[in-house]
Amino acid sequence: QVQVVESGGGLVQPGGSLRLSCAASGIILSINSMGWYRQTPGKQRELVASISNGGSTNYADSVKGRFTISRDNGKNTVYLQMNSLKPEDTAVYYCNANLQRLFDTRDYWGQGTQVTVSS
């Protein structure tokens, strides 16, 4: 079965940094795109950053210049480097992967990792 697993969340002070990792495993023919979303209670899940199979990236305006998404194709892994963190970045961060398998293509979601920015 395909699995998408995040890691790297934690508690940091404002201005600090974290790097999130997300690895997709299983029988996967190709990865169309991978991305990071975040959600806080009472709000809809929002896109933070994404990267396509061609390497193009997209960022939410609120994180441009502070966050960087990258990938390691050989490991089916995507990273989110988060710098200059602010309290408003506090959320559960979810990894999304649009994967092509033998008989279908669809989104897979990780379980989420908590990021808390507080002094």
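The values are calculated or read from the model by the stated rules, or taken from the named source; none is laboratory data. Note that the coordinates shown come from a computational prediction; the quantities given were computed from them, not determined experimentally. Every residue, glycine among them, receives a Cβ derived from its backbone with ideal geometry; neighbour counts consider all protein chains shown. Accessible surface is based on the protein model in full, side chains and every heavy atom, while ligands, DNA and RNA are left aside. Shrake-Rupley method; radii C 1.70, N 1.55, O 1.52, S 1.80 Å.
In segment 92-112, the qualifying residues are those that are open to solvent by 20 Å² or more (accessible area, probe 1.4 Å) and touching a Phe, Trp or Tyr at 6+ places or on another chain (Cβ under 7 Å), and the one that is nearest to Gln3 (Cα to Cα) is Trp109. In this entry, Leu11 passes the filter for residues that are in a strand (DSSP E or B) and over 14 Å from the mean Cα position of the chain (by Cα). Any residue at all in segment 35-42 that is over 19 Å from Val2 (Cβ atoms), open to solvent by less than 30 Å² (accessible area, probe 1.4 Å) and not hydrophobic (A, V, I, L, M, F, W, C)? Yes, segment 35-42 contains a residue that is over 19 Å from Val2 (Cβ atoms), open to solvent by less than 30 Å² (accessible area, probe 1.4 Å) and not hydrophobic (A, V, I, L, M, F, W, C). With respect to (1) touching a residue at least 60 places away in the same chain (Cβ under 8 Å); (2) closer than 18 Å to Gly10 by Cα, the lone exception for Thr40 is condition (1). Could you tell me whether segment 78-87 includes any residue that is open to solvent by less than 30 Å² (accessible area, probe 1.4 Å) and farther than 30 Å from Ser119 by Cβ? Among the residues of segment 78-87, not one is open to solvent by less than 30 Å² (accessible area, probe 1.4 Å) and farther than 30 Å from Ser119 by Cβ, which makes the answer no. The residue pairs whose first member lies in segment 49-65 and is under 17 Å from Arg19 (Cα atoms), whose second member is open to solvent by 60 Å² or more (accessible area, probe 1.4 Å) and of a type in the set (Gly, Ala, Ser), and whose beta carbons are closer than 9 Å, counting only pairs six or more residues apart or on different chains, are Ser50/Ser56; Tyr59/Gly65; Gly65/Ser84.
Here is a yes/no grid of residues against (1) of a type in the set (Ser, Thr, Tyr); (2) modelled with pLDDT of 95 or more; (3) under 16 Å from Val117 (Cα atoms):
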residue: Gln13; (1), (2), (3): no, yes, yes
residue: Ile27; (1), (2), (3): no, no, no
residue: Ser30; (1), (2), (3): yes, no, no
residue: Lys64; (1), (2), (3): no, yes, no
residue: Ile69; (1), (2), (3): no, yes, no
residue: Gln100; (1), (2), (3): no, no, no
